[in-house]
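J.: Just dropping this structure here.
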Amino acid sequence: MRFLITCFVFLAISGCAATQYQPKSSNGGYSHTQLSETMFKVNFQGNSYTSAELAADFAMLRAADLALENNYSHFFVMDTQSLSKTESYFVPSSTYTYSSGYSYTTGGFGGVSESPLSSYTIQLTDKKDAPGVIDANFVIKSIEKKYEKRKLFSELRKQN
């Protein structure tokens with residue numbers, strides 16, 4: 001019994017982390033849609049432990065990565081959206097009784113979960129001096145430095 005409780009507590013604690021910078025999965029992450037040869041819509045969906053600021057930063061990081069992956073050094077942000085997905089949940093209570101007479105109750109709680117979504121429509125460019133242009137390498141270095149101690153980058157990102 002003690003082992004099961006320890007496992008449950010460990011799983012609950014380990015699951016309480018902001019979404020990493022990773023491709024979209026059930027826990028959130030980034031995705032993109034190519035709109036033209038040089039235009040993309042970039043999204044980052046966080047989980048309930050992800051701040052709106054982190055979601056916006058990771059969407060911007062993905063935009064910078066896309067620029068470099070497509071052999072462009074800079075990009076423009078054409079449009080931006082910030083949304084929050086709200087979900088309610090409830091875990092009903094259950095009582096377990098053993099033949100020894102010992103019983104315990106679990107559940108009986110609920111709440112609201114909010115997950116931020118940041119979205120940018122970007123235009124890739126090599127025009128370094130145009131007004132409003134963003135340097136992809138600068139963005140990457142800046143965001144990686146900002147979050148380097150929070151362990152929010154997947155192993156794939158660390159290898160690049």
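J.: Show the residue pairs that are 6+ apart or on different chains and have beta-carbon atoms under 9 Å apart, the first residue being within the stretch 59-77 and under 9 Å from I134 (Cα atoms), the second being among the basic types (K, R).
T.: S73/K128; H74/K127; H74/K128; F76/K127
J.: Answer yes if at least one residue in the stretch 4-13 is out of contact with any strand residue (DSSP E or B) (no Cβ under 6 Å at 6 or more places or on another chain), closer than 22 Å to E148 by Cα and modelled with pLDDT of 85 or more, and no otherwise.
T.: Among the residues of the stretch 4-13, not one is out of contact with any strand residue (DSSP E or B) (no Cβ under 6 Å at 6 or more places or on another chain), closer than 22 Å to E148 by Cα and modelled with pLDDT of 85 or more, which makes the answer no.
J.: Take the stretch 121-147 and flag every residue that is part of a strand (DSSP E or B) and either under 21 Å from the mean Cα position of the chain (by Cα) or more than 16 Å from A56 (Cα to Cα) (or both).
T.: Within the stretch 121-147, T121, I122, Q123, L124, T125, D135 meet the criteria.
J.: Of all residues being touching a residue at least 40 places away in the same chain (Cβ under 8 Å) and either under 19 Å from K149 (Cβ atoms) or touching a Lys or Arg at 6+ places or on another chain (Cβ under 6 Å) (or both) in the stretch 36-55, which is surrounded by the most Cβ atoms within 10 Å (Cβ to Cβ)? Just the residue, please.
T.: Among them, the one singled out is A55.
J.: Could I ask something else about it? Residues being of a type in the set (F, W, Y) and modelled with pLDDT under 95: count how many of those fall in the stretch 108-122.
T.: 1
J.: Right, here's the next one. Given the options S94, S88, S82, name the one that is over 13 Å from T125 (Cβ atoms) and more than 24 Å from the chain's Cα centre (by Cα).
T.: Selected residue: S94, the only one of S94, S88, S82 that is over 13 Å from T125 (Cβ atoms) and more than 24 Å from the chain's Cα centre (by Cα).
J.: Residues that are within 24 Å of S142 (Cβ to Cβ) and at pLDDT 80 or above: which strands (runs of 3 or more DSSP E) entirely in the stretch 44-107 hold 1 or more of them?
T.: 74-91
J.: Provide a single number: the residues in the stretch 89-120 that are more than 30 Å from L61 (Cβ to Cβ) and of a type in the set (S, T, Y).
T.: The qualifying residues number 13.
The values are calculated or read from the model by the stated rules, or taken from the named source; none is laboratory data. Everything numeric in this text was worked out from a predicted model, so none of it was measured. No Cβ is skipped: glycine too gets one built from the backbone with ideal geometry, and neighbour counts run over all protein chains shown.
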